[in-house]
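In what follows, a single structure is set out as structure tokens and then discussed.
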Amino acid sequence: TSHAVRLITEMSNPHNIRLRDERLRIMGNAMDINDTVRIKYASKFAGVSNAWKRWQGENRGLERLEALERKKRTEERFARWVESRPDLRESYSCLLPAFDSLYGELERYLLPRDYGREALYAIEIVRFVSDFIRVSDAMVDRDQEISAISPFLESTFNSFFTDYHKPVDREIFVSMLEMYRDNIETGFHPVFFDMVRDEFEDDFSAFADHVFSETVFVDRQDLAEMLESGAQDLPVLIEDDILVRIVRDIGKIHNEYVVPSFTRIEQQLEPLYRKYVEGLRMMKPDHVFYPDANRTPRVSYGLVKGYYPSDAVYYNSRTTLSGVIEKNRTGLPEYAIPEKLEQLHQSRDFGPWSADGEMRTNFIASNHTTGGNSGSPVFNAGGHLIGLNFDRVWEGTMSDIMFDPEMCRNISVDINYILFITDRFAGAGHLLDEMTFSDEPSMITSEK
């Protein structure tokens, strides 16, 4: 409804974008001046960028489609239709006021929930300590010795410190806590904020110096020694650590109060939406509605087709290996490719997988995809596997809320490129002996 669209476009997305702006700024600055940090944080940077780009595209798309105004017009029409039907008033007249009331209540918890996820739990060391607390609590609850859970601890320990850079996380720690303080009402502040105010004069940088010097969790060697010397007493040992106390304060606010309240309201909204869609279907009997395919396998269909992202700009439906080479030559680290791939392109050693002398890499199509669809197989009308879905175009990320057939495109890797990489690049052509191929030289020959 318009209530949800307003909260998404005017509150949730703008705040989430600003929070990730800051994290990307901090990581990017460190990566620019230190190659070791760049290597450690390349994947993390890309992960933070992913939703950051989606939210921007979503807001831009919803604004372009005038989604809020269109939703409001539909609701006004629905209210008039219900009012004109005395036999339906009892069933449907309460819906829009109920949406208004529940979303008004939800608004109070929206930013605390978002800032919990995108600020407090965005701090790497906070997430790391949370894992230890879960293990410790499990030991206490199950009267279980550490040896029974040590593989999990060891895996978590090793994977964390391999790509951890304390100065970056310390700066993110300060910035995220400051942004939480400045944007979230005090009733949702963790208890340790009182300590920052009273003992550190509300200076989160000074507080970070204290925390990072006192905790054992930011130093690989110190933590390893603690685990080796007192593993059996882990629940007792970690409770005195300042970061454990901080994380427990965060969990108390976020996991015990904010998230349950938010979830409760969402659960109350769910039957209202079912009733609302039921009413809309009665009001618009000739309109084709999306089926409820939640928790089921589903198939969508569309055309391999380019689009116009803006005036006088057209994006073709396919990309090629030549484009990969062009990006590589910009020198940007995220576009670096193995030397062998460049050699294969230079020698045009594409095997039977090219079309018209080019090695096609990706294609876009007018299918509606959403989170969780990555890796889905893509078939053509003849039933041939032609690719794997992995993304949506930036201008079409609003498709979960409002679909635009002129702009929404899913992105798939071309199966020919997968086969080329398997065969020519990886030297694993023997795997292809187990496959059956279409007689068509290229499985996608036109926009159809």
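Details
- Residue among 178, 225 that is of a type in the set (Asp, Glu) and at pLDDT 95 or above: 178
- Taking the criterion of being aliphatic (A, V, I, L, M) and in contact (Cβ under 8 Å) with a residue 60 or more places away in the chain, the residues of the range 60-95 that qualify are 62, 65, 67, 68, 82, 88, 95.
- Of the set (1) under 15 Å from residue 355 (Cα atoms); (2) in a helix (DSSP H, G or I); (3) not aliphatic (A, V, I, L, M), all apply to residue 438 but (2).
- Test: residue in the range 351-358 that is touching a strand residue (DSSP E or B) at 6+ places or on another chain (Cβ under 6 Å) and surrounded by 13 or more Cβ atoms within 10 Å (Cβ to Cβ): yes
- Filtered residue count, the range 76-99, keeping only those that are under 14 Å from residue 2 (Cβ atoms) and either touching a Ser or Thr at 6+ places or on another chain (Cβ under 6 Å) or loosely packed, with under 14 Cβ neighbours inside 10 Å (or both): 4
- Taking the listed residues 446, 438, 442, 399, the one that is modelled with pLDDT under 95, of a type in the set (Ser, Thr, Tyr) and closer than 21 Å to residue 67 by Cα is 399, with no other qualifying.
Condition check ((1) out of contact with any Phe, Trp or Tyr (no Cβ under 9 Å at 6 or more places or on another chain); (2) over 30 Å from residue 98 (Cβ atoms); (3) assigned to a helix (DSSP H, G or I)) across all residues:
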| site | (1), (2), (3) |
| --- | --- |
| 207 | no, yes, yes |
| 245 | no, yes, yes |
| 248 | yes, yes, yes |
| 257 | no, no, yes |
| 266 | yes, no, yes |
| 270 | yes, no, yes |
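- Sole exception among (1) more than 24 Å from residue 131 (Cβ to Cβ); (2) exposed (fewer than 15 other Cβ atoms within 10 Å of the Cβ) for residue 181, by number: (2)
- Residues considered: 276, 307. Of these, the only one that is surrounded by 14 or more Cβ atoms within 10 Å (Cβ to Cβ), touching a Cys at 6+ places or on another chain (Cβ under 9 Å) and in contact (Cβ under 8 Å) with a residue 12 or more places away in the chain is 307.
- Whichever residue in the range 397-413 is open to solvent by less than 30 Å² (accessible area, probe 1.4 Å) and in a helix (DSSP H, G or I) and, among such residues, is farthest from residue 373 (Cα to Cα): 398
- Output for the range 326-355, where each listed residue is without any contact (Cβ under 8 Å) to a residue 60 or more places away in the chain and either over 22 Å from residue 46 (Cα atoms) or of a type in the set (Val, Ile, Thr) (or both): 330, 337, 339, 342, 343, 345, 346, 347, 348
- Yes/no for residue 237 being out of contact with any His (no Cβ under 7 Å at 6 or more places or on another chain), open to solvent by 20 Å² or more (accessible area, probe 1.4 Å), modelled with pLDDT under 95 and assigned to a helix (DSSP H, G or I): yes
- Scan of the range 12-68 for residues that are of a type in the set (S, T, N, Q), loosely packed, with under 14 Cβ neighbours inside 10 Å and more than 21 Å from the chain's Cα centre (by Cα), ordered by number: 29, 36
- Candidate set: the range 414-438, residues that are acidic (Asp, Glu) and open to solvent by 50 Å² or more (accessible area, probe 1.4 Å); chosen: the one nearest to residue 72 (Cα to Cα): 434
The values are calculated or read from the model by the stated rules, or taken from the named source; none is laboratory data. Fair warning: this is a prediction, and the values are worked out from it, not measured in the lab. Methodologically, a virtual Cβ is constructed for each residue, glycine included, from the backbone with ideal geometry; neighbour enumeration extends over all protein chains shown. Remember, those area values only see protein heavy atoms, side chains included, never the ligands or the DNA or RNA. Shrake-Rupley method; radii C 1.70, N 1.55, O 1.52, S 1.80 Å.
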